[in-house]
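One structure is given below, encoded as structure tokens.
The values are calculated or read from the model by the stated rules, or taken from the named source; none is laboratory data. What you see is a predicted model, and the numbers here were worked out from it, not measured in a lab. With ideal geometry, Cβ positions are generated from the backbone for all residues, glycine too; neighbour counts draw on all protein chains shown. Each accessible area value is taken on the protein alone, full model and side chains, heavy atoms only, with ligands, DNA and RNA left out. Shrake-Rupley method; radii C 1.70, N 1.55, O 1.52, S 1.80 Å.
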Amino acid sequence: MAPDLKKALDELYETDGIEACILYRIDGTPIALRTPDRRTLMDIMQWMENEIKYVMGHIERDRLEDVIFTFKEHKIAFHPSSKSTVLATILNPDAHQQLTSLEISRASTKIKEAII
Amino acid sequence: MIFTNSSEDQTLKMKSIVSFSNKRNPKEASKEVIEDIRKRLNFEPDLALFYATQKYNGNYQEILDRFGEEFGDLPQVGASIDGMIYEEDIRTDGMALVLCHDPEARINVKGASVKGALKTADKLADKMSCKEGAIILHFPIVHVPGFRDGFEFYARGAYYSQRCKGKEVEAQKEYADKFSRYCDKNNIFYPAPTILNKFAVKTNYEIPIIGINVLHTQMKVDSPNIFCNFKDIQGGIAALTIEKEDINIIYDDIFSNKGTNIEETRNIVGNEFKVLKEFDAVFEKNVLISLDGKPPVEAVESFVHISKNGEGEIVEKFEKGSFEVWSPYFLIFFDDRSNRIFHVGIRAFYPFELFPFFVDISSFSEKVWLARLRAFTKLSDFISPLYTLEERERFKLFTIDVGSISAFGERTYRLKKEINNLAKENYFGILTAPISAYLPPKYQRRAYMSEIEESTFFSSAGTSSCIEI
């Protein structure tokens, strides 16, 4: 993995309120992930993998910058980070949405730069 | 991560080095910063600035102790803030240590933290002396007390709200005055213009004073925090004095110039804001009692949606650090005699009916507008001081209203390129609540709408500054 890409994910994972971050290929294959314990988030990650194509379709069709799902115990944000990758972030529901979204946007930009 | 600001001209400009970490663990974060600084520091520092986001709430002193062991002989100032900006990056999570070197400047940091917000300001102002240069104050505009004091605040608020019900206006004002004094005595509200004026008097109205007003967009109990000489003085006030010739101060706000008289100003405000309703207000000092005879939030609720929280929900949100303070709706007050305005965001902040805030509006008139900003404010307006920089080689310490993030969301991240193009190098920016300023006339570049008292500037949205050293 490119060092800049690894660094971007590491820094995002250290952000307050972020529980996990996963870089997916647009077909739903995880490229890199930062999670505390994969078992505890297994169900949600499975759901995310299944959603990627659907979410990317919406982002492209409706020209969205990101898509956020809010559940009782988590928020899940999908940010396209390049033409072929999506950055998915699992957030604590009490995370500061505006400040964390800036950090996610930063990581997404850094990943794009690292991939290009 | 580290970035060294350097300048070719080594003689006149303040030099700086910025080190940043956002490691979750405060020990690891401070270790990373110290190790980076050790590797890169190539000058004898004269000043340390330390700013951190709320993720380190509860651990600030531990971090300051580690920095104190490493750099303890330096004057140090800082605060808990919502974000920071350094070479082509904007971070809203983490901590930054900035070390500065300027042999031509006389630099010192003094602080005070006693019972009573205004007493704290008096105590610190008494210690001040500054013949030239600038004073940069750090203080909370609202300090959220701990749980025990927080419950007392709610109980007092509920008590005085109850006592006001059905009473004559004069009696209501007496209770509001008592509540205002209680809030001051317990360091809850720091009225920025009043505080700046105390320092302006002590420096014969000759020195520009910037008030870095600290308030998080989502608040926790026992926050925000002020740092002074490697101590977390919590809700105290810290003053950084930089005595040096030719320090340049740039202040601006996002609004048009005010008019030459109050009617003209009202017209301009009417264009900049979408006015939803005019109320007749009753208030005393910094406590709003009623709008058209109703409790303020209840009166406003008829015109805009405001979600209400009970005391239990408010306490829970403060505990989790998810209590939001930004509001798109404002109450606009007019001082007819001196052609000045002040606006304050309104939402259901309190589980009681009185509505206290952080400015004494005694001189303002009773006609109050409920309004929201029109959509044509530009993101770049929030960094306008950077468009008038005089010397790019100097160290630039600037502030941006964190409300820009609330208004523009993650698009704010795009500012980083523009900021880097304008400031080039040797800069550090702070994302926090709108700043306040006392400016001697030569620093007043236009008829700012945010002039709240003579030569004193403050607004609850869109003020910013840049100090070139």
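For the stretch B:80-90, which positions are more than 12 Å from every other protein chain (Cβ to nearest Cβ) and surrounded by 24 or more Cβ atoms within 10 Å (Cβ to Cβ)?
B:SER80, B:TYR86, listed by residue number.
Look through the stretch A:83-108, keep the residues that are surrounded by fewer than 17 Cβ atoms within 10 Å (Cβ to Cβ) and among the polar types (S, T, N, Q), and return whichever of them is farthest from the other protein chains (Cβ to nearest Cβ).
A:SER84
Inspect all residues belonging to the stretch B:2-16 and state whether any of them is in contact with a helix residue (DSSP H, G or I) (Cβ under 6 Å, 6 or more places away or on another chain), open to solvent by less than 10 Å² (accessible area, probe 1.4 Å) and either not in a loop (DSSP other than H, G, I, E, B) or not charged (D, E, K, R) (or both).
no
Got a sec? Which of B:ASP122, B:ASP93 is surrounded by fewer than 24 Cβ atoms within 10 Å (Cβ to Cβ) and among the acidic types (Asp, Glu)?
B:ASP122
Return the residues of the stretch B:412-438 that are aliphatic (A, V, I, L, M) and either in contact (Cβ under 8 Å) with a residue 40 or more places away in the chain or surrounded by fewer than 16 Cβ atoms within 10 Å (Cβ to Cβ) (or both); say none if nothing qualifies.
B:LEU415, B:ILE419, B:ILE430, B:LEU431, B:ALA433, B:ILE435, B:ALA437
All but one of (1) open to solvent by less than 10 Å² (accessible area, probe 1.4 Å); (2) over 30 Å from B:PHE382 (Cα atoms); (3) within 13 Å of chain A (Cβ to nearest Cβ); (4) small (Gly, Ala, Ser) hold for B:SER30; which doesn't?
Result: B:SER30 fails condition (3) only.
Taking the conditions exactly as written (open to solvent by 40 Å² or more (accessible area, probe 1.4 Å) and within 14 Å of chain A (Cβ to nearest Cβ)), does B:ASN42 satisfy them or not?
no
Collect the residues in the stretch B:439-448 that are open to solvent by 10 Å² or more (accessible area, probe 1.4 Å) and touching a Lys or Arg at 6+ places or on another chain (Cβ under 9 Å), keeping them in residue-number order.
Residue satisfying the conditions is B:ALA447 alone.
Of these, B:ASP102, B:ASP93, which one is out of contact with any strand residue (DSSP E or B) (no Cβ under 6 Å at 6 or more places or on another chain), within 14 Å of chain A (Cβ to nearest Cβ), in contact (Cβ under 8 Å) with a residue 60 or more places away in the chain and not β-branched (Val, Ile, Thr)?
Matching residue, one of B:ASP102, B:ASP93: B:ASP93.
Which of the residues belonging to the stretch A:14-30 are of a type in the set (Gly, Ala, Ser) and more than 13 Å from chain B (Cβ to nearest Cβ)?
Passing the criteria: A:ALA20, A:GLY28.
Need at least 3 residues that are not hydroxyl-bearing (Ser, Thr, Tyr) per element, so show me which strands (runs of 3 or more DSSP E) inside the stretch B:349-448 make the cut, counting only ones lying wholly within it.
Strands (runs of 3 or more DSSP E) meeting the threshold: B:367-373, B:396-401, B:427-432.
Restricting attention to the stretch B:241-261, which residues are open to solvent by 50 Å² or more (accessible area, probe 1.4 Å) and either touching a strand residue (DSSP E or B) at 6+ places or on another chain (Cβ under 8 Å) or closer than 30 Å to B:GLN54 by Cβ (or both)?
Within the stretch B:241-261, just B:ASN257 meets the criteria.
For A:ASP16, are the conditions met, namely being assigned to a helix (DSSP H, G or I) and not small (Gly, Ala, Ser)?
Taking the combined requirement at face value, the residue does not satisfy it.
Look at B:GLY58 and say whether it is open to solvent by 10 Å² or more (accessible area, probe 1.4 Å), away from chain A (no Cβ under 14 Å), farther than 30 Å from B:ASP246 by Cβ and not polar (S, T, N, Q).
The answer is no for B:GLY58.
Quick check on my filter: what residues within the stretch B:367-394 are surrounded by fewer than 18 Cβ atoms within 10 Å (Cβ to Cβ) and aromatic (Phe, Trp, Tyr)?
B:PHE376, B:TYR387
From the list B:LYS110, B:LYS115, B:LYS23, which one is assigned to a strand (DSSP E or B), of a type outside the set (S, T, N, Q) and open to solvent by 10 Å² or more (accessible area, probe 1.4 Å)?
On inspection, the qualifying residue turns out to be B:LYS110.
Among the residues in the stretch B:395-411, are any among the charged types (D, E, K, R), more than 14 Å from chain A (Cβ to nearest Cβ) and open to solvent by 10 Å² or more (accessible area, probe 1.4 Å)?
no
From the list B:LEU389, B:LEU439, which residue is on the phi < 0 side of the Ramachandran plot and over 17 Å from the mean Cα position of the chain (by Cα)?
Answer to the check: B:LEU389.
Could you list, in sequence order, all residues of the stretch A:54-68 that are of a type outside the set (A, V, I, L, M) and either within 14 Å of another protein chain (Cβ to nearest Cβ) or touching an Asp or Glu at 6+ places or on another chain (Cβ under 8 Å) (or both)?
A:GLU65, A:ASP66
B:THR463: in contact with an Asp or Glu (Cβ under 9 Å, 6 or more places away or on another chain), more than 14 Å from every other protein chain (Cβ to nearest Cβ), surrounded by 24 or more Cβ atoms within 10 Å (Cβ to Cβ) and modelled with pLDDT of 90 or more, yes or no?
Yes, satisfied.
Look at B:SER455 and say whether it is open to solvent by 10 Å² or more (accessible area, probe 1.4 Å), at pLDDT below 95 and not basic (Lys, Arg).
So B:SER455 does not fit the description; no.
Taking the stated definitions as given, is A:LYS72 open to solvent by 50 Å² or more (accessible area, probe 1.4 Å), touching an Asp or Glu at 6+ places or on another chain (Cβ under 9 Å) and away from chain B (no Cβ under 14 Å)?
The answer is no for A:LYS72.
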